[in-house]
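For reference, the structure is listed below as structure tokens.
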Amino acid sequence: MYGPGAAEGTMAHDRTTQEITDWALTLSETPLGSEIPPEVVAGLRVRTPSSVHGSLVEAGILRDLAVDGDEAESAWVARSRWRYTTLVERPAEPYTRAVLEFQGIDTVAAVRVNGSVRLTTRDMHRRYELDLTDDLADGPVEVVVDLESALLVAETAAVADPLPHPYPLPYNQVRKMACSFGWDWGPTTITAGLWRPVLLHIWTAARLADVRVAASFAGTPGVAVDTVVEGDADTVSVEVLPSGEVGPPAPGPTTATAPVTATAPVTDGTARVRLSVPGALPWNPAGLGEQPLYDVRIELRDSAGSVLDRVVRRVGFRDVALVQVPDDAGISCELHVNGTRVWVRGLNWIPDDHLPERVDAERVRGRVRQAVEAGANLLRVWGGGVYESDAFYDACDALGVLVWQDFAFACAGYPEDEATVAEVRAEVTDNVRRLRHRPSLAVWCGGNETLWGYEDWGWQELLAGRPWGELYYRRVLPELVAALDGTRPYVPGSPFSPDGRPTNDPGSGAQHLWDAWNSTDYTDYETRTPRFVSEFGWQALPSWPTLARATGMTDPAELSIDDPRLAVHQKAEDGMAKLRAGLEWHLPSPPTAGAAFHYASQLIQARAVLTGVQHFRSLHEHCSGVVWWQLNDCWPAISWAIVDVAGRTKLSWFAVRQAFAPRLAILGGTRADARLTLVNDTDGPWSAKVLLVAATVDGRIVDEVEVELHVPAHRAVTSAVADDLGPLPEDVDLLAVDVEGQRSTRWLRGDLELPVGPSWFEVETLTSPAADEVLVQVRALGLVRDLCLLAELEIPGARVDTQLHTLLPGESVTFRVTGPGVREITTEGWRELLWSEGRIR
């Protein structure tokens, strides 16, 4: 009655792989008093990869939390026990070995074969194998996966060994996606299921049990291949070809290098091959060159030359190092690729859906591309989520996005019992082996805020000397990384400080800066001089269409900061109070309702990211990078993300794009010591013609001057504004600098002290030859600060190409708006969708 599903087997050699996709999902046990839909009791036909929550959503039994669902209505799912059942048919092809591979079981399970327990699992983040060779000899076998409630398992463990954790549920007691237990930006789901593929592998003679491929560019480009062979085989051959000659073509430049081959004998179950690849081109981070990729084809052969197994790894030739050198200010923290310091313009990445198995290759490529289009060159995969899919790393490899990879530890103490240590070792081994060939992967990191938590969050009193996870960060992880990889740096956590300094030390390592959001204001960033910032952020509402669908609101006029429907999507501690404080610190009459509130929340977030990133980049030789919290969302959250769960950009995305420009002009300082910094994070020198303007609050130009500045590659140059404009008179409130089509501004009085009046402008709609496109031209009649066109308030599918423009009188900007229905909006309608600070003061 159950079958292996429609997925076709793939055969490139003696080994054949078939995906088992067709399962029955049934409810085994649920808490007393729960009202269970009858469809669940009867059982569901499901296709894996899937989760219980996802299958119930797909069947129409639960509403989708990523759209309009309710956490409370699905709480019973996490406290229930579930069963997946399938029938694995005996393969028609001849074989001597048959192995069932579970690439991801979420989380605590017993796997039965024909009624007998053959495997138990306790880790969502690793793979498990089950030998079915003897079982299939007599025909089909029934495979049953019985899933316990991870929540009940965790709660029971927490009673026996209470360990610190920041949220109500003890997520740290099981090896599972931490944020599924609820986070300050995400819902509580506590998923269960077969969340990654289930594969049946068969072969007759031998297989490649492990393949390690390392590509290096230093000196003569080369590839090192180390293999572990299971079974009887004679040789391993390796061929390096331009990408696309083995697998599907990789996006990016064509690599013209001729194929290079070598062969080595299998001795005692291993083989080692070393190849030089003359003429191979270097793989570069985004913005610093191209990303040529090469396919390394590894074939296992018998004595007759027949191929027994084949593995292909796609690589790029590059070298990466973390440079930490003592200096007068502490210890540097620089990422170098191919010998060049890369000033990191990064974004933190969380699971792109609260049900991560739903994130397909197209969606993940689109999200990574949004990061690149915003100017990012690094994504940090945060430790409270999952080790991402191959599609994520494929996209990063192809687009030149460096990856900072956390191991799966976040913000808590973790048990160090023998069983957990063994699971962690297996988990780390699996994921290092899977990812170590990736050119995008730049840094391994022990986890998120664990070291900091132990030092500064009061854990030591609770722990009273008991183990809390330090074993992993100081010993287990670095030892495994060194043994299994050894080609890229490892750091013990984020934040971290080297040489025994206190974690989150401002003079060394990577810092997390959360005082601004939690208590002070984003202007606090300008008082900091970090060496590297791996987390800092500010909240805002998601896009209006996303928020409307999630809350059931039909008109922006319904929005209110005190609306309970909004509070459901605010998970941060005192989040609404902090959001309100940010408005009050910068707007004399802060709106807390309607479309004005929506615009204001996103405006303040945009100003926060612009303030922080520009300041840290102005410290160019002292500070070596920033990683904004965060790029994406997993549900319709009021959060720190710059792209919401539906893929719609907030105003902060445009601020990031401005602040992450490879060449950037930055104004800083006060009226007395105003300064201009030009940052050049490119490989070539920059000769820039800069227009520097001093103006009053109503836009009257007091003085302006054009200067030419020269900035070497990968450097910054700072000069005093007074050197070009002289002392700034008291009526000058605004400094603006224009260079190569970019404008940066600096207000010389606090926001609440500025008498900014209403914004006056003319609007004209221009025709466009493209279908579903309109050009909206706005000409300022007075000073206009942070002008935005919020087309989404009227047309949910509309996209606008630019935002956040400060215009002096007489200046113009043109917004390109695309999407179905945009041509139906009148000029007056577009006027109503234009927002600036003057409209909300």
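For the stretch 828-841, the candidate set comprises residues that are among the hydrophobic types (A, V, I, L, M, F, W, C) and in a helix (DSSP H, G or I); within that set, the residue that is farthest from LEU793 (Cα to Cα) is ILE840. Meeting the requirement of 2 or more residues that are polar (S, T, N, Q), the helices (runs of 4 or more DSSP H) wholly within the stretch 517-599 are 544-551.
No other residue among ASP328, ASP302, ASP319 is out of contact with any Ser or Thr (no Cβ under 9 Å at 6 or more places or on another chain) and surrounded by fewer than 21 Cβ atoms within 10 Å (Cβ to Cβ) apart from ASP328. In the stretch 222-243, the qualifying residues are those that are in a loop (DSSP other than H, G, I, E, B) and charged (D, E, K, R), and the one that is nearest to ALA209 (Cα to Cα) is ASP232.
How many of the residues making up the stretch 639-673 are of a type outside the set (S, T, N, Q) and over 19 Å from the mean Cα position of the chain (by Cα)? The number of residues fulfilling the criteria is 12.
Residue-wise test of (1) more than 14 Å from GLU828 (Cα to Cα); (2) out of contact with any strand residue (DSSP E or B) (no Cβ under 8 Å at 6 or more places or on another chain); (3) part of a loop (DSSP other than H, G, I, E, B).
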{"site": "SER768", "(1), (2), (3)": "yes, no, yes"}
{"site": "ALA771", "(1), (2), (3)": "yes, yes, yes"}
{"site": "VAL774", "(1), (2), (3)": "no, no, no"}
{"site": "ARG785", "(1), (2), (3)": "yes, no, no"}
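Residue-wise test of (1) surrounded by fewer than 19 Cβ atoms within 10 Å (Cβ to Cβ); (2) out of contact with any Gly (no Cβ under 9 Å at 6 or more places or on another chain); (3) aliphatic (A, V, I, L, M).
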{"residue": "PRO530", "(1), (2), (3)": "no, no, no"}
{"residue": "SER534", "(1), (2), (3)": "no, no, no"}
{"residue": "LEU559", "(1), (2), (3)": "no, no, yes"}
{"residue": "PRO564", "(1), (2), (3)": "yes, yes, no"}
{"residue": "GLU573", "(1), (2), (3)": "yes, yes, no"}
{"residue": "PRO591", "(1), (2), (3)": "no, yes, no"}
{"residue": "SER601", "(1), (2), (3)": "no, no, no"}
{"residue": "VAL609", "(1), (2), (3)": "no, no, yes"}
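Tell me, which residue of the stretch 802-827 that is in a helix (DSSP H, G or I) and in contact (Cβ under 8 Å) with a residue 24 or more places away in the chain is farthest from the chain's Cα centre (by Cα)? Taking the candidates together, the pick is THR827. Restricted to the stretch 719-748, and to residues there that are within 41 Å of the chain's Cα centre (by Cα) and charged (D, E, K, R), the residue that is least open to solvent (accessible area, probe 1.4 Å) is ASP733.
Specify the residue that is nearest to the chain's Cα centre (by Cα); the eligible residues are those in the stretch 439-474 that are over 19 Å from GLN511 (Cα atoms) and crowded, with 24+ Cβ neighbours inside 10 Å. Here the residue is SER440. Every test in (1) closer than 22 Å to TRP468 by Cβ; (2) open to solvent by 60 Å² or more (accessible area, probe 1.4 Å) is passed by ALA158 save one, and that test is (2). Candidates in the stretch 475-509 are the residues that are assigned to a loop (DSSP other than H, G, I, E, B) and under 22 Å from VAL174 (Cα atoms); of these, the one that is least open to solvent (accessible area, probe 1.4 Å) is GLY493. Listed conditions (1) at pLDDT 95 or above; (2) more than 21 Å from HIS620 (Cα to Cα); (3) more than 31 Å from the chain's Cα centre (by Cα) are all met by ILE795, apart from (3). In the stretch 129-136 there is no residue matching the filter, namely being under 22 Å from the mean Cα position of the chain (by Cα) and in contact (Cβ under 8 Å) with a residue 40 or more places away in the chain.
If you go through the stretch 803-835 and pick out every residue that is open to solvent by 60 Å² or more (accessible area, probe 1.4 Å) and farther than 17 Å from TRP760 by Cα, you end up with 5. Counting the residues of the stretch 704-717 that are without any contact (Cβ under 8 Å) to a residue 24 or more places away in the chain and open to solvent by 30 Å² or more (accessible area, probe 1.4 Å) gives 4.
The values are calculated or read from the model by the stated rules, or taken from the named source; none is laboratory data. All values derive from a computational prediction rather than experimental measurement. With ideal geometry, Cβ positions are generated from the backbone for all residues, glycine too; neighbour counts draw on all protein chains shown. Please note that ligands, DNA and RNA were not included when accessible areas were found on the heavy atoms of the full protein model with its side chains. Shrake-Rupley method; radii C 1.70, N 1.55, O 1.52, S 1.80 Å.
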